[in-house]
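A.B. asks: There's a structure below that I have some questions on.
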Amino acid sequence: MFKDLLLRKPMDQLMKEASATRELKRVLGPLNLTTLGIGAIIGAGIFVLTGQAAAQYAGPAIVLSFIISGFGAAMAALCYAEFASTVPISGSAYTYAYATLGELFAWIIGWDLMLEYLFGASTVAVGWSGYVVSFFEDFGVTIPSYLSSAPLTYDPVLGWHATGAFLNIPAMFIVALMTVLLVTGIKESAVFNNIIVLIKISVLILFITFGIAYIRTGNWIPFIPPNTGEFGHYGWSGILRGAGVIFFAYFGFDAVSTAAQEARNPKKDMPIGILSSLAISTVLYIAVSLVLTGMVKYDQLLVPDPIAIAVNAAGPGLFWLRPFIKIGAIAGLSSVILVLLLSQPRIFYTMAKDGLLPEKFSSVHPRFKTPYITTILTGIVAMVVAGLFPIEILGALVSIGTLLAFAIVCSSVLVLRKTQPDLPRPFKTPFVPWVPVFGTLFSFAQMLSLPVDTWLRLLIWMAIGFVIYFSYSRRHSKVRSMGAVSGCVSH
């Protein structure tokens, strides 16, 4: 019975699917894949969560949190790069788990990826809303808080309670707009993303370059605020918790792997896109966090638009930069939403092809050649979540989902190296087994640093997933119907 749950998808079948599938257009080169990764990585993590994590957990030492998270992300990225070049299918970590650990693990990771991509898009949309409201206020246009805030919030002491707001309308609007763009085509979406990435990188470089002159070193003292007596609130435990929370900022690089079947030369270009986007983003994150906490005392950064607050604090000398920062943030967050909403439907598409989701989920638009049904479904759910929930709850939930995905991918590299050592690998993860082992342990360690409430929500989410798997997916699995042999991979 248990072995039956560990049926693996034969590697030769995956290779056939990779070469035979022509439903999706292969139009993305290495530059597009790199900007796709940057488009997903640089967003709410730097424009929103940096300030909040500094204010609540790490203080100026948030830069150490970024370094710790960046190290863990690099371990996972190297493992993703090996899989993306070896198994160039758009299912990302879901497909990798299916080929190495078996169907049940594949389902777990596929269901978990919804936390990363679908809920991630909702999280970023809430951050986008904060910057849009602030931008309009600069021109005397006020969007009332009851139309731009979540109607629900959560307090560790009081629990869930109503805020008096109606819905976060701007957050819902941007999700709807990006969904429409994605339905119309991958090439059009990629061109839009390239333009936006150029804008937001330029804005961040402007902030770093001109913000250095307004750093007050006194804001960095104490660099590591003393712990309050509670784990995760300042001190070294706060740095670790900050690393776990802002890990959300790094997860975009794996979105590159979901576009494998739309890459022109996935075996060569996927590793370039994954590793280049992570390296560029990490350097920018570290520089921005240093300048941000140097310009504004960390306890004043618990706001939806911390970089804009830093520009305001600099005084008249930087007022000219204020609209550029907000435009860059709005544009940058838009591209993150775009890439995340691009990624989730392609996971659904691959799972439906395997029979684990209804066949309709694999439908491709006859004209636009996009998985339009799952794109629209993803957009609707993300709109509802973005309209109802605050960014703090969503950010932590996305982080724990992402960390679980990374841990499984890192473990899968070790399994596949052992079960199929001679499999052609255009890119090989270096220093095996150390990189996969450290990547797995690092991901689990950061998961442990997250609040208990976040773990409870993860367990509830996974319980719902198990119900769906055992009531529907297991009975409709194509691998199961083909009679694949448990514990081995066909050649």
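The values are calculated or read from the model by the stated rules, or taken from the named source; none is laboratory data. The structure displayed is predicted, hence computed values, not measured ones. No Cβ is skipped: glycine too gets one built from the backbone with ideal geometry, and neighbour counts run over all protein chains shown.
A.B. asks: Here's a check for you: in the stretch 110-159, which residue that is part of a helix (DSSP H, G or I) and charged (D, E, K, R) is surrounded by the fewest Cβ atoms within 10 Å (Cβ to Cβ)?
C.D. replies: Per the stated criteria, the residue is Glu137.
A.B. asks: Could you please give the count of residues in the stretch 356-397 that are closer than 17 Å to Trp128 by Cβ, modelled with pLDDT under 90 and surrounded by 20 or more Cβ atoms within 10 Å (Cβ to Cβ)?
C.D. replies: 5
A.B. asks: In the stretch 74-85, is there at least one residue being part of a helix (DSSP H, G or I) and closer than 30 Å to Trp220 by Cα?
C.D. replies: Looking through the stretch 74-85, at least one residue is part of a helix (DSSP H, G or I) and closer than 30 Å to Trp220 by Cα.
A.B. asks: Among what's in the stretch 297-312 and is assigned to a loop (DSSP other than H, G, I, E, B) and of a type in the set (D, E, K, R), pick the residue that is modelled with the highest pLDDT.
C.D. replies: The qualifying residue modelled with the highest pLDDT is Lys297.
Condition check ((1) of a type in the set (Asp, Glu); (2) closer than 13 Å to Phe83 by Cβ; (3) surrounded by 21 or more Cβ atoms within 10 Å (Cβ to Cβ)) across all residues:
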| residue | (1), (2), (3) |
| --- | --- |
| Val413 | no, yes, yes |
| Arg417 | no, yes, no |
| Leu423 | no, yes, no |
| Pro430 | no, no, no |
| Val437 | no, no, no |
| Thr440 | no, no, yes |
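A.B. asks: Separate question: Filtering the stretch 179-217 down to residues that are among the hydroxyl-bearing types (Ser, Thr, Tyr) and closer than 25 Å to Leu377 by Cβ, which residue is surrounded by the most Cβ atoms within 10 Å (Cβ to Cβ)?
C.D. replies: Thr179
A.B. asks: Same structure, new question: So is Met15 part of a helix (DSSP H, G or I), at pLDDT below 85 and over 22 Å from the mean Cα position of the chain (by Cα) or not?
C.D. replies: Yes, satisfied.
A.B. asks: Another question, then. Within the stretch 225-236, how many residues are surrounded by 17 or more Cβ atoms within 10 Å (Cβ to Cβ) and within 28 Å of the chain's Cα centre (by Cα)?
C.D. replies: Of the residues in that region, 3 qualify.
A.B. asks: Using the structure shown, decide if Leu147 is modelled with pLDDT of 80 or more, over 22 Å from the mean Cα position of the chain (by Cα), under 28 Å from Trp320 (Cβ atoms) and among the hydrophobic types (A, V, I, L, M, F, W, C).
C.D. replies: no
A.B. asks: On to the next question. Please enumerate the residues belonging to the stretch 361-382 that are in a helix (DSSP H, G or I), among the polar types (S, T, N, Q) and farther than 15 Å from Thr179 by Cα.
C.D. replies: Ser362
A.B. asks: I've got another one for you. In the stretch 340-360, what residues are outside any helix (DSSP H, G or I) and not charged (D, E, K, R)?
C.D. replies: Result: Gly355, Leu356, Leu357, Pro358.
A.B. asks: Search the stretch 222-241 for residues being of a type in the set (A, V, I, L, M, F, W, C) and in contact (Cβ under 8 Å) with a residue 40 or more places away in the chain, and hand back the single one that is nearest to Pro345 (Cα to Cα).
C.D. replies: Checking each candidate, the answer is Leu240.
A.B. asks: Name the residues in the stretch 426-454 that are outside any loop (DSSP other than H, G, I, E, B) and at pLDDT 90 or above, would you?
C.D. replies: Trp434, Val435, Pro436, Val437, Phe438, Gly439, Thr440, Leu441
A.B. asks: Kindly evaluate Val256 against the criterion of being within 19 Å of Ile38 (Cα to Cα) and surrounded by fewer than 20 Cβ atoms within 10 Å (Cβ to Cβ).
C.D. replies: No.
A.B. asks: I would also like to ask the following. Picking from Gln56, Gln52, which residue would you name as being surrounded by fewer than 24 Cβ atoms within 10 Å (Cβ to Cβ) and modelled with pLDDT of 85 or more?
C.D. replies: None of the other options fit; the residue is Gln56.
A.B. asks: Evaluate the stretch 459-473: report whether one residue or more is surrounded by fewer than 13 Cβ atoms within 10 Å (Cβ to Cβ), over 28 Å from the mean Cα position of the chain (by Cα) and assigned to a helix (DSSP H, G or I).
C.D. replies: Within the stretch 459-473 (the criterion being surrounded by fewer than 13 Cβ atoms within 10 Å (Cβ to Cβ), over 28 Å from the mean Cα position of the chain (by Cα) and assigned to a helix (DSSP H, G or I)), the answer is yes, since at least one residue qualifies.
A.B. asks: Of all residues in the stretch 266-321, how many are under 26 Å from the mean Cα position of the chain (by Cα) and without any contact (Cβ under 8 Å) to a residue 40 or more places away in the chain?
C.D. replies: 2
A.B. asks: I would also like to ask the following. Those residues that are among the polar types (S, T, N, Q) and in contact with a Phe, Trp or Tyr (Cβ under 9 Å, 6 or more places away or on another chain), I need them from the stretch 205-257; list them, please.
C.D. replies: Asn219, Asn227, Thr228, Ser237, Ser257
A.B. asks: May I ask you to verify whether Ala249 is touching a residue at least 40 places away in the same chain (Cβ under 8 Å), under 13 Å from Ile46 (Cβ atoms) and surrounded by 24 or more Cβ atoms within 10 Å (Cβ to Cβ)?
C.D. replies: When the stated conditions are applied, Ala249 passes them.
A.B. asks: Now for a different question. Which pairs turn up if I take residues in the stretch 353-370 that are farther than 18 Å from Leu342 by Cα and look for partners that are surrounded by fewer than 20 Cβ atoms within 10 Å (Cβ to Cβ) and basic (Lys, Arg) with beta carbon separation below 7 Å, at least 6 apart in sequence or on another chain?
C.D. replies: Close Cβ pairs satisfying both conditions: Asp354/Lys478; Gly355/Lys478.
A.B. asks: Here is a further query. Residues in the stretch 441-461: is at least one of a type in the set (A, V, I, L, M), under 18 Å from Leu113 (Cβ atoms) and without any contact (Cβ under 8 Å) to a residue 60 or more places away in the chain?
C.D. replies: yes
A.B. asks: Among the listed residues Thr378, Thr440, Thr454, Thr419, which satisfies the condition of being touching a Pro at 6+ places or on another chain (Cβ under 7 Å) and not hydrophobic (A, V, I, L, M, F, W, C)?
C.D. replies: Of Thr378, Thr440, Thr454, Thr419, the one residue that is touching a Pro at 6+ places or on another chain (Cβ under 7 Å) and not hydrophobic (A, V, I, L, M, F, W, C) is Thr378.
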